[in-house]
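A short write-up of the structure that comes next.
A short reminder: the numbers here are calculations on the coordinates, not readings from a lab. Quick caveat, the model's predicted, so the values are computed rather than measured. Note that each Cβ is placed from the backbone with ideal geometry, even for glycine, and that neighbours are counted across all protein chains shown.
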């Protein structure tokens, strides 16, 4: 008696109708069921389902979810008898287990649907309770909002992990830096202590000893030989004290600067020039910047300078010694120049020069030994300062 | 007339042996040997020695503090600092406090006596590092008018040569003046340095 209704996407042909025919279903203003030509019966703003709805690979339309979390279905049925009394039953497969019934109002809302595949089914009946046997069925895929997608969860998880890892590595780095600073401070403290001990105890004791030897030598005026021996011992003791001073200078963290290096070079030059009765000329910048030098750098530089000075003393027969300190273009240059015989490479001094080159290489610098502008020899020690400034 | 020397040094062996040696040399007499700043400040003003040998590193109040205290009480006394390592910073501070020379402790006795005699007879040693520091100090702009002590052109010329490593004799030859004149210049420079740094200290104190 009741004709089955053919409800499919290509609606259009149907014969006599007892139950009303579902004409169109709209989900969130998108015509999802029905013919676009009939959209006027619902809402003039409806978009063309075929045109606007994306489809999954199984050809299921995808409904984009909006932020309101509410999916609205509007529907209408074609009834020629008492359309106001047309009854509808709907159910959403996957959400509803039973049919829900609505009369009159032709809109249904679904809130908080999880993204996924659903099928919305709708049947209608006349007021005489004659129901469609074939529901108007619409399968759709509710598109996940971006924060509901799997990749978003993965992204969040990855972000959390990344943040945790970053914080951890940052903490490790900080800890490492702190440890390094503490270590350096401890090292500096230790060096200062050693310097102080050497200075206060040994240095002063050696000076005391030298003076004591002088006193004994003076009391022992009678026997000239012993007196001379004692004087020699006093001299040796003073030489020891002088070596001690160099050691203290290398060890003392308060001397880790170019200013202190300049002091050291001047004293050393003065000592050598005085001994050989040479004129000493110093060419130092008027204002030496407070640039730090590591103890290793100072140590190697001081040894090279000492070696250069001894070479001048032994080989050059010079009358003038020039010590130059230049700081330019992030480079420290120390020059030891003499006006002596000039430089002749022999196997003996060759090894000394090689040693100096190696020393300078070990601290990232370079060494050169060239004939001076007015005869004599000029030894140049070059040290780049840029890395030093960075590591500070 | 002997040069009357006082020693301020905490190490007993250095202090006593130095005293014995100075006494044993003709023309020198050791009038006091003090182990500390406190002792020196208590005894030296009455003794008024010609020359004081002062250790920079004294336990408690340093030798520099001791110079600052003694200097106004002993205007005619020359103070020579004794150091183990020649730290130009500390030596310079001593000069500002009023010292007129320094010696490395392990200098030979002859060098020590020579330095004492030199300073006593009006000599004024100045190393090139110190000369450079003095030049820099006087070229700094002056904040307070009261500290406006300036170097004369001649004094500056002496300083420039000293900074280049010239010894006093070489400076005299180069400038065509006598050694005594050079020494006078250097003495004046020391005095100006002292006056200026004292004025600066006062200015700092007032500003606070």
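The shape of region B:63-208 comes out oblate: with a ≥ b ≥ c from the C-alpha gyration tensor, a/c is at least 1.5 while a/b does not beat b/c.
Ranked by how many other Cβ atoms sit within 10 Å of their own Cβ, fewest first, the residues A:152, B:28 fall in the order A:152, B:28.
Helix B:12-24 and the long axis of chain B differ in direction by around 90°, with both axes built from C-alpha atoms. Modelled spin labels at residue A:105 and residue A:341, positioned 7 Å past Cα toward Cβ, are 11.8 nm from each other. Across region B:128-207, Cα pairs under 8 Å and at least six residues apart give a relative contact order of 38 percent.
Using R0 = 25 Å, the C-beta based FRET efficiency linking residue A:151 and residue A:173 works out to 0.20. For chain B, the longest principal axis of the Cα atoms and the long axis of helix B:88-97 meet at an angle of about 90 degrees.
With a Förster radius of 51 Å applied to the beta-carbon distance between residue B:139 and residue B:111, the computed FRET efficiency rounds to 0.95.
Figure legend: label point modelled 7 angstrom from the Cα of residue B:61 along Cα→Cβ; residues of region B:8-42 with amide N under 16 Å from it are B:8-10, B:34-42.
Working from label points 7 Å from Cα in the Cα-to-Cβ sense, the residue A:190 to residue A:333 distance is 3.8 nm. Given axes a ≥ b ≥ c from the Cα gyration tensor, I'd like to know whether region B:128-207 is rounded (a/c under 1.5), prolate (a/b larger than b/c) or oblate. Cα axes put region B:128-207 in the prolate bin. Dividing the convex hull volume of the alpha carbon atoms of region B:1-145 by its residue count gives 118 Å³ per residue. Between residue B:201 and residue B:47, the simple spin-label model (points 7 angstrom out along Cα→Cβ) gives 2.2 nm.
State whether region A:159-291 is rounded, prolate or oblate according to the following rule on the C-alpha gyration tensor (a ≥ b ≥ c being the square roots of its eigenvalues): a/c under 1.5 gives rounded; otherwise a/b larger than b/c gives prolate, and the remaining case gives oblate. The partial results should precede the final answer.
On the way: a/c = 6.17, a/b = 2.27, b/c = 2.71.
Note, shape of region A:159-291 comes out oblate.
For a footprinting-style exposure proxy, rank B:190, A:75, A:110 by other Cβ within 10 Å, fewest first.
Values: B:190 21, A:75 25, A:110 18.
If I rank by nearby Cβ atoms, fewest first, I get A:110, B:190, A:75.
Summary value for region B:1-133: 21 percent relative contact order, contacts being C-alpha pairs under 8 angstrom separated by 6+ residues.
As a footprinting exposure proxy, order B:120, A:176 by other Cβ within 10 Å, with the fewest listed first. Kindly include the intermediate steps, with their values, before the conclusion.
Values: B:120 17, A:176 11.
Sorted ascending by nearby Cβ count, the order is A:176, B:120.
A Förster radius of 60 Å, combined with the Cβ-Cβ distance separating residue B:12 from residue A:165, puts the computed FRET efficiency at roughly 0.40.
Given Cα pairs under 8 Å that are at least 6 residues apart, what percent is the relative contact order of region A:56-215?
Values: 162 pairs, mean separation 33.7, N = 160.
Worked out over region A:56-215, it gives 21 percent.
Per the helix-only calculation at 222 nm, which mean residue ellipticity applies to the protein assembly as shown, given -39500 (n - 2.57) for every DSSP H run of n ≥ 4 and division by its residues, nearest 500 deg cm²/dmol?
Calculated mean residue ellipticity at 222 nm is -15000 deg cm²/dmol.
DSSP beta bridges confined to the protein assembly as shown are antiparallel in about 65 percent of cases. I'd like the orientation of helix B:179-207 relative to chain B: the angle between its Cα long axis and the longest Cα principal axis, in ° from 0 to 90, rounded to 10. The angle comes out at about 80 degrees.
Calculation over all alpha carbon pairs of region A:256-392 in 10 angstrom steps from 0 returns a P(r) of 12, 46, 33, 8, 0 percent. Return the percentage of antiparallel bridges among DSSP beta bridges fully within region A:272-362, rounded to the nearest 5 %. Taking every DSSP beta bridge with both residues in region A:272-362, the antiparallel ones total about 60 percent. Give me D for the protein assembly as shown in µm² s⁻¹, whole number, from Stokes-Einstein with Rh from the Kirkwood sum over alpha-carbon pairs, 25 °C and 0.890 mPa s. Estimated via Stokes-Einstein, D reaches 76 µm²/s. Post the alpha-carbon centroid distance, region A:178-207 to region B:180-208, in whole angstrom. Centre-to-centre distance over Cα atoms comes out at 34 Å.
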